[in-house]
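A.B. asks: This is the structure I have questions about; it appears just below.
Readers should treat all values here as calculations from the given coordinates under stated rules, not as data from a laboratory. Keep in mind it's a predicted model, so treat the numbers as computed, not measured. Glycine also receives a Cβ, built like all others from the backbone with ideal geometry; neighbour counts cover every protein chain displayed.
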Amino acid sequence: MTESERQTAVELRLANIDLTTVAFRLGLTGPGKEPVNFCLFKKQVMAEVSEETIDQFEAESLVYEAELAANAYKETRVSLYASLEEQNDMRYWDEINGTTVWRDHITMVKDSVPKPE
């Protein structure tokens, strides 16, 4: 394989990888770290990347996507829950009136968006 063909193959494989996630998982970004110039990061990756490195990037991307998918239900639930102020009001009036409005609300949200097994 010529260098040009290798570069094209690398570009095609990297096009499907979120380099932001890869940089974070490799410890290049995050709290207390200098910002990463992703144009330079991509050029560096393109120049030095091996098949093994691309495999690692793809694996990291798959892990990240799986984590996102596994936790997607949480974001959906958060959008369905009443605000904390409203929930506190529900609990107050439940205590005063002997009702279960708050518990019913939480149960409805959890039942409508179940936690994946």
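A.B. asks: Between I96 and V63, what's the calculated FRET efficiency when r is the beta-carbon distance and R0 is 30 Å? Round to 0.05.
C.D. replies: Details: r = 48 Å, r/R0 = 1.61.
Calculated transfer efficiency: 0.05.
A.B. asks: Give me M108, M90 sorted ascending by neighbouring Cβ count inside 10 Å, so fewest comes first. Could the numbers behind the result be given before it?
C.D. replies: Values: M108 12, M90 19.
By the 10 Å Cβ count, ascending: M108, M90.
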